[in-house]
Amino acid sequence: MALDEFTIETETLKQPDVTIIRVAGYLDAHTFEQLEETISELFGQNHYKLVVDLSKVEYISSAGAGVFIGALSEAQEHNGNIVLMSPTSNVREVFDLLGLTQIFQVVDGQKDALAAF
């Protein structure tokens, strides 16, 4: 997959007040800053309840995973949270190895993700 195929889309739901971030491609040292910028912009708009759809992420590095770790405390300080949704088996394996499944709620679908709030 070429780097230009990395995409991020956001959708803010009014009820509940949750923003879904759909990420596709490789989330690694070359692309993690784009996700950091997206999350920072959402925080700047007072959107602290985030669901990250990882169903189309083929690979995640520790730099990519670090984005979530860095953002979690800020989200929680503003009564928000970050829920990780539908990670591929490769991504889930990295989360397990890094211990992120102990820190984050990891769910299989949007209904479960929204219920986490």
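Bear in mind that the values in this text are calculations on the coordinates, not laboratory data. From a predicted model like this one, the values you see are computed outputs, not experimental measurements. As a convention, Cβ positions derive from the backbone with ideal geometry for all residues, glycine included, and neighbour counts pool all protein chains shown.
Things worth noting here:
- Residues in the range 46-76 reached by a label modelled at GLN110 [backbone nitrogen below 18 Å; 7 Å Cα→Cβ]: 49-57
- Calculated [θ] (222 nm, deg cm²/dmol) that DSSP helices of n ≥ 4 give over the chain, each run adding -39,500 (n - 2.57): -12000 deg cm²/dmol
- Sites GLU77 and ALA29, calculated FRET efficiency, Cβ-Cβ separation with R0 22 Å, nearest 0.05: 0.20
- Orientation-averaged projected area, Cα convex hull of the chain (nm²): 6.4
- Each of SER89, SER61, SER40 has some number of other Cβ atoms within 10 Å of its Cβ, and from fewest to most they run SER89, SER40, SER61.
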